[in-house]
Amino acid sequence: MSVEDEFEETRRAIQRMLKDAFEGKLGVFREPFIYGFTTRSRESRLEAPRPALEGQEIRTRDPLVDVILTDSAIFLTAEMSGVQREGVRVRLDADKLLIQGDGDRSYFTIVDLPEDADRDTLKYTYTNGVLDVVISRKRPPT
């Protein structure tokens, strides 16, 4: 088998795997994604849709949010470009983290927190349009 034939065989195998993956046959890519962030709409997340009038731009959007859970903490990163530091608001409401940003664009999202989140340890920083939040997790008594 020549090098060209091996290359063509490999190309076909990769093409077949990608086709299967995007058609859901491999159990991956069932939702659109952007580098680990979901692009699901509010409707698919079972949230009420926000009405938009025809011909007007949507002024409020969900920020891209990435949540990483470890044994000791919850790390959350949200992208909110066009918002100045003074326009960022982060607060806890029961078992939810509310993130809001107002500036060139407005952002709003709610993130459900696990039961063991230690709400007294909420810390966040906002730099160059990126919000980083850290919340410690309560350790079970030993």
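Every number here is computed from the coordinates shown, using simple stated rules; none is lab data. Note that the structure is predicted; figures quoted are calculated from it, not measured. Note that we place each Cβ from the backbone using ideal geometry, even for glycine, and neighbour counts take in every protein chain shown.
Multiplying the sequence separation of residue 6 and residue 112 by 0.36 nm and subtracting their Cα-Cα distance, what value in nm do you get?
33.2 nm
Would you please give the FRET efficiency between residue 124 and residue 19, computed as 1/(1 + (r/R0)^6) with r the Cβ-Cβ distance and R0 = 35 Å, to the nearest 0.05?
So, using R0 = 35 Å, E works out to roughly 0.25.
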